[in-house]
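The values are calculated or read from the model by the stated rules, or taken from the named source; none is laboratory data. Given the structure is predicted, the values throughout are model-derived calculations rather than measurements. Ideal geometry is used to build each Cβ from the backbone, glycine not excepted, and the neighbour counts take in all protein chains shown.
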Amino acid sequence: MEQLNSLFRSLPGGMAAIRHSLQHEVFQPCDERLLAFVHVTKALKKKKSSFLCIAITKETPYTVNIIQVKKTEKNVYKKKRSWPLSTLKLVDGKHVSTDSTDFDLVFDKIYKWSATSAQERQNFIRALWKQFFHRQDKPQFKNVPVDWLGSEKIVPTESEAPIVSETLEVGEIEDFQALTEKEEQDLILLMGECGYAVSNAEAFMETLAKDLSVLDGENVQSVLASEERVSSLMAHLDEAILEVEKVENQLDSYNDIICHVRTTMEKMEEKNTLIDIANRNNQKLLAELEKVIVELELDSKHQVSLVDADLTTPQGLKEAIEAGKALQRVMNAEIHPALVQLSAVQEQKKRFDKWKSKFSQIISRHLNNLFIHLGNDPGESGVQAGELNLPKHSNLHKELRRYTELMHWTKVMDRKAYTALSKVYMAAIGKLYERDIRHFLEEAKNYISGPTVVTLGSKEDVSVKNKGQAVTGALLGVERDQWPEFDPAERSRFHQIFERVLSQLEPVVLAEQQFCVSFFQLDILSPTSKNTLTTLDGVPSDSKSEEVPSLPSHKMERQMNEEVRKMMGEIFGSIEPELISFISHYEKMDSMYCLYTLVRLTEHVMSTQDAGSFLSKSFGPVLVQVKRTYDRFMQEFRPCPRSSQKDVR
């Protein structure tokens, strides 16, 4: 047995030893298996040799690489570089001749090699061809003999399991493996049956050849006996193929049906989407129409109040105000401009305009008669009899305040009626205040010149005596030594009465101004000069902004003050001429009165909180007139040079 083992160890040659060393030193530690190798040198560097190896991994996924291995100075094999087999683009044998040793491998660039023998070159190129035999993306094999590219079994790449070759090519001797125990027992049993196996090897080989030929004959007979079974198997395979074709045809029909169903479902889905969109649009349209109906609906009781409003009773006035607000609300409903063009909306707008016109006529007729009637209001007299008081008209204001909201409604909804009512009010009340002021100043003259004791609204009582003499001229234009003597008590009464006149005018004017601002809504500028403007007129909001540009706050306040002063000027237009006439009357009698009037008017003008108010504007011209009179008086009061020389003599 020891002799047999020594015999097996002496069989491998030099290439087998190199193969064994490469496998165990280089590839086994990396779990790779060596398939083929060739001893090569570079084409231009014959002294530096290396090995080109084809190796495959042992575990899936299988990967085949071409690896260059060099032997170091310490006689150790080491990998120098590696290329994946899939990156190989061209194998060039250089020459078709089998005696050539040169070949090129093209990866990312060309690598020129020279094998140590033509047989090694042939074996390596055939091994490369085996790796690409089953692949679709083979590299090009150029200048390679056709008989080298046979149909031998090959080792698969990453996606397939490895197939071990049944026969070893030349130079592809597997690694040496020791005999197993069973193989060793079988070999001993065989050699026991042939005791001459060791002494006569040729006889032993002949015996083995005879046994092998017997086994081959039995194998041939077994194959011939199984021919019927093979024919039966082939028939079954043909039937199976037919059945598979039927199944494939059936599957194709099923696939066509499924495609048709899928197309139909896609169309149904698209139709369902369109139906959903239509439903949502219908719902939105219905909601918008319901909103329009609700927004433009006016209660029947409001309709009755608008057509037949009773403004004389508190209940009727309340219902009229509510009806006016309801009409204003529906005519300013937030409706899309496109919906305003609907015929139903236009018809409803015509009904609204009809009710608005009727309601505005009722308001205008009632307030017009009321303003004319209140133009004869006697006013409220003073608290004490004998006092000098300007009649106040708080009852008139109280009577009209009930109609404030209707006046505001008229300003927004019917600008023409509002303007006409404002003019009627200013004319009627202006006449009333003109009569009151004229009568008030006449009484003031009587209090200044009369013989009675006058209560001036203060704790002091001034006794006035009637001199029985009338002053026929003024001091202006008369020599100083010819000035008549005046009673100081009368000047004191003028001083107090004039203060009383100014004090009585201020609260009356301010009260009327506050009432007009509230009643006629003078503190709010009208957004447009048109008669009425609502959302049902179909005018977009941007057109309003273009028609009336936004004003700064100070300009808006100035414009509102102008409107207030304009109305007050119409109502109290008689204050300025009456005051000037009153002051001129006494200045003609006694030019010293201009001093009193100048002081009092200055105090009142300076004490006015709003320098731009109507009262301040009214007192201003009077103050200017008095100042001019005062200047003329001072010119006359200066002593002339002649009289001073006479006095010196």
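Here are the numbers:
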read-out	value
Filter result for residue 375 (surrounded by 14 or more Cβ atoms within 10 Å (Cβ to Cβ) and modelled with pLDDT under 85)	no
Of the criteria (1) over 60 Å from the mean Cα position of the chain (by Cα); (2) farther than 25 Å from residue 573 by Cβ; (3) not hydroxyl-bearing (Ser, Thr, Tyr), which one residue 413 fails	(1)
Tally of residues being assigned to a loop (DSSP other than H, G, I, E, B) and either over 46 Å from the mean Cα position of the chain (by Cα) or surrounded by 15 or more Cβ atoms within 10 Å (Cβ to Cβ) (or both) across region 283-298	2
Criterion: at pLDDT 90 or above, out of contact with any His (no Cβ under 8 Å at 6 or more places or on another chain), among the aliphatic types (A, V, I, L, M) and not in a helix (DSSP H, G or I) - qualifying residue of 11, 52	52
Residues that are hydrophobic (A, V, I, L, M, F, W, C) and touching a Leu at 6+ places or on another chain (Cβ under 8 Å), drawn from region 340-373	340, 345, 352, 355, 359, 362, 363, 367, 370, 371
Selection from region 61-79 of residues that are in a loop (DSSP other than H, G, I, E, B) and touching a residue at least 40 places away in the same chain (Cβ under 8 Å)	61, 62, 63, 76
Residue match in region 236-247 (condition: assigned to a helix (DSSP H, G or I) and closer than 30 Å to residue 340 by Cα)	no
Residues satisfying the stated conditions in region 410-449, i.e. free of Cβ contacts under 8 Å to residues at least 60 places away in the same chain and among the polar types (S, T, N, Q)	410, 419, 446, 449
Subset of region 222-234 [at pLDDT below 80, in a helix (DSSP H, G or I) and surrounded by 10 or more Cβ atoms within 10 Å (Cβ to Cβ)]	223
Residue check for residue 406: aliphatic (A, V, I, L, M), over 19 Å from residue 302 (Cα atoms) and part of a helix (DSSP H, G or I)	no
Which numbered condition residue 29 fails, given (1) buried (at least 16 other Cβ atoms within 10 Å of the Cβ); (2) at pLDDT 85 or above; (3) not hydrophobic (A, V, I, L, M, F, W, C)	(1)
